[in-house]
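The values are calculated or read from the model by the stated rules, or taken from the named source; none is laboratory data. Since we're looking at a predicted model, the values are computed, not measured. We place every Cβ from the backbone using ideal geometry, glycine too, and count neighbours over all the protein chains shown. Only protein heavy atoms, including side chains, enter the accessible area calculation; ligands, DNA and RNA are left aside. Shrake-Rupley method; radii C 1.70, N 1.55, O 1.52, S 1.80 Å.
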Amino acid sequence: MQNKIKIGNRYLGEGEKTFIVAEVSANHLQDYNRAEKIIYAAKEAGADAVKLQTYTADTITMDCDNEYFQITQGTIWDGTTCHKLFSEAYTPWEWQPKLKKLVNELGMECFSSPFDFTAVDFMEEMNMPAYKVASFEIRDIPLIRKIAGLGKPVIIATGIAYLEDIERAVKTCREVGNEQIILLKCTSTYPTPYEDMNIRVIPNMAEVFDCMTGLSDHSMGSAVAVASVALGARMVEKHLTLSRADGGPDGAFSMEPGEFKQMVDEIRIVEKALGKVTYKLTDKQEKSREEGRSLFVVKDMKAGEVFTEENMRSIRPAFGMAPMYYEEILGKKARIDIERGTPLDWKHVDLG
């Protein structure tokens, strides 16, 4: 596995912050100004990147209304045809260079999902720094081979993939010498029920395929995305809209800007909390040890007097001997006079 992968000016991997991607998808509602507003919202919310989708209705499907092209899989899009859905959802290609320029000017990275060879060529003209293979394209090996052959990071969503589909896609990238692979755990239902997310796959997928992993999340809220970071996700992708009430093909399962910002903030907290594997105490923890228990003399004692349960106790604070010596000291004699409230020390104990 590559320890680091660079997308534009940002690195992903060990020691780096989670790469958080705002997916615009169809949430622009065919309004260019709205697309720009979503990009500004992504910046304000703390996203590292904005992702587009590069297709037209005619490059992703065909204009046909027979039974094969009717959407009837129990989705939020049932009742329309593929061509009608994608005609509504696509991002006009003439917008994309301008949107990428805006994203970059705001200090974020911009990449896209191409859905055919012409889209890949168009993205190359824009010099996009990475390619996302959408879940439903994971079996399009010629497309993956063309993408991987460009030598840029390849992000692969696994939403409809059998294990062998993932194996084939990863193998295709490696056959053309591309090891910059990021596999995204994904469940292609919209929105995704929490019980179908199975994010424990994230660390397992990293181990099985020896590559970086992340999450493409279509569940509601930020809980799943935040939890994925604790499981090792290096990239988190969520759909972003200005308001779910505005509708659109993806609106129902998209985040609003305030929610996206909350997710980013929570991820950054989790990153700090994960830290590293260490049993060393911080300076504050060392100081806090003084608040623990230790052995104290709780009654005035004379030299030669025997230590008993009545005159010696394990209490807070921790300025005396550790409580583990309690039984060893019971029955021994005081070497000197000891005043009540004195933290016990070996110098007080007659060991003879």
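A few remarks follow.
- Failed item in (1) within 25 Å of residue 234 (Cα to Cα); (2) open to solvent by less than 10 Å² (accessible area, probe 1.4 Å), with residue 9 passing the rest: (2)
- Taken together, 194, 162 contain a single residue that is touching a residue at least 24 places away in the same chain (Cβ under 8 Å), more than 21 Å from residue 116 (Cα to Cα) and surrounded by fewer than 24 Cβ atoms within 10 Å (Cβ to Cβ), which is 194.
- Any chance residue 124 is farther than 20 Å from residue 250 by Cβ, more than 27 Å from the chain's Cα centre (by Cα) and outside any helix (DSSP H, G or I): no
- Search result, residues across segment 263-289 that are free of Cβ contacts under 8 Å to residues at least 24 places away in the same chain, among the charged types (D, E, K, R) and within 19 Å of residue 18 (Cβ to Cβ): 272, 276
- Matching option when the condition is out of contact with any Lys or Arg (no Cβ under 6 Å at 6 or more places or on another chain) and within 30 Å of residue 34 (Cβ to Cβ), among 335, 313, 244: 244
- Subset of segment 96-118 [of a type in the set (Gly, Ala, Ser), assigned to a strand (DSSP E or B) and either closer than 19 Å to residue 32 by Cβ or open to solvent by 10 Å² or more (accessible area, probe 1.4 Å) (or both)]: 112
- Residue 321 falls short on exactly one of the conditions (1) crowded, with 18+ Cβ neighbours inside 10 Å; (2) within 45 Å of the chain's Cα centre (by Cα), and that condition is (2).
- Qualifying residue in segment 254-275 (condition: on the phi > 0 side of the Ramachandran plot and at pLDDT 95 or above): no
- Looking only at segment 132-174, and only at residues there that are touching a Leu at 6+ places or on another chain (Cβ under 7 Å) and not in a helix (DSSP H, G or I), the one that is nearest to residue 197 (Cα to Cα): 158
- Residue selected from segment 1-60 under the condition aliphatic (A, V, I, L, M) and assigned to a helix (DSSP H, G or I), by the criterion nearest to residue 117 (Cα to Cα): 60
- Applying the criterion of being among the β-branched types (Val, Ile, Thr) and touching a helix residue (DSSP H, G or I) at 6+ places or on another chain (Cβ under 7 Å) to the residues of segment 182-191, the residue that is least open to solvent (accessible area, probe 1.4 Å) is 187.
- Annotation for segment 119-136: at least one member residue is crowded, with 22+ Cβ neighbours inside 10 Å and among the basic types (Lys, Arg).
- Count of residues meeting criterion [surrounded by 15 or more Cβ atoms within 10 Å (Cβ to Cβ) and either under 27 Å from residue 244 (Cβ atoms) or among the acidic types (Asp, Glu) (or both)] in segment 49-69: 11
- Taking first residues from segment 71-87 that are open to solvent by 70 Å² or more (accessible area, probe 1.4 Å) and partners that are not in a loop (DSSP other than H, G, I, E, B), the Cβ contacts under 7 Å between residues at least 6 apart in sequence or on separate chains come to 76/252.
- So residue 307, is it closer than 30 Å to residue 246 by Cα and not small (Gly, Ala, Ser): no
- Residue satisfying all of: in segment 23-71; touching a His at 6+ places or on another chain (Cβ under 7 Å), among the small types (Gly, Ala, Ser) and over 21 Å from residue 184 (Cα atoms); modelled with the highest pLDDT among these: 35
- Residue-level check: of (1) over 21 Å from residue 128 (Cβ atoms); (2) in contact (Cβ under 8 Å) with a residue 60 or more places away in the chain; (3) in contact with a strand residue (DSSP E or B) (Cβ under 8 Å, 6 or more places away or on another chain), residue 37 misses just (3).
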